[in-house]
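The values are calculated or read from the model by the stated rules, or taken from the named source; none is laboratory data. Predicted model, so just to flag it, every value in this text is computed and none were measured. No Cβ is skipped: glycine too gets one built from the backbone with ideal geometry, and neighbour counts run over all protein chains shown. Heavy atoms of the whole protein, side chains included, go into the accessibility calculation; ligands, DNA and RNA do not. Shrake-Rupley method; radii C 1.70, N 1.55, O 1.52, S 1.80 Å.
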Amino acid sequence: ASALMQGLADGYFIIPYTIGAFLSKEIRTPNIKTNSPEFDKAESDVQDRINHLLNIKGSQSVESLHRQLGKIMWDYCGMSRTKEGLEFARAEIRKLRDTFWKEVYVPGTANEFNPELDKANRVADFMELGEMMVVDALTRNESCGGHFREEYQDAEGEALRVDDQFAHVAAWAWNDSDMKLTKEPLKFEYVELKSRSYK
């Protein structure tokens, strides 16, 4: 558990070895052309967001808002979680996101090396990602892997999985707070699906 907590705190990502091999082939993908309406729209959207962030001129630093989000996630969407705590976290993240877009202060300009602007863009994304992680945790009514839903434990306090409902990959699409879940069933051909025991 301590290794997992360290991974969570340091922001490590645990991915299957196959994904690294898959991504390694992408280095040979030719440059994507930039003379298209889709590119023009993406570039315009990014410029609008940068200008918006720089012009809020609020009273809270990006770091302060980032830490507030981190505390919500740590307290309510960590390794051990409850339905009540996750619902509270979602409401708090929504309030914090509203505060971010009204109160963030980003010093400097767009046309200089500006780490605060870079971080503000990332934290804006983290606000959405944090809410999506909470929603995903709310929909998974079981204890599984490194995540323990306190409502889902057996008589001895062990994690209670619900494989007939949750043996799937959950992929979420985000569109302005409208989240859509796509499930990809997991098929086990070479290993037996069974609960882990630490006894």
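If you go through the range 48-93 and keep only what is without any contact (Cβ under 8 Å) to a residue 24 or more places away in the chain and open to solvent by less than 30 Å² (accessible area, probe 1.4 Å), you end up with just Gly85.
Could you list, in sequence order, all residues of the range 111-139 that are in a loop (DSSP other than H, G, I, E, B) and open to solvent by 50 Å² or more (accessible area, probe 1.4 Å)?
The initial filter retains those residues of the range 111-139 that are in a loop (DSSP other than H, G, I, E, B), namely 111-114.
Across the range 111-139, the qualifying residues are Asn111, Glu112, Phe113.
The selection criterion, being surrounded by 16 or more Cβ atoms within 10 Å (Cβ to Cβ) and farther than 29 Å from Leu193 by Cα, holds for Val106. Out of Arg28, Arg49, one residue alone is over 19 Å from Asp176 (Cα atoms), out of contact with any helix residue (DSSP H, G or I) (no Cβ under 6 Å at 6 or more places or on another chain) and charged (D, E, K, R). It is Arg28. Selection of the range 172-186 for residues being open to solvent by less than 80 Å² (accessible area, probe 1.4 Å) and at pLDDT 90 or above yields Trp172, Ala173, Leu181, Thr182. For the range 148-160, residues that are surrounded by fewer than 17 Cβ atoms within 10 Å (Cβ to Cβ) and touching a residue at least 12 places away in the same chain (Cβ under 8 Å) total 3.
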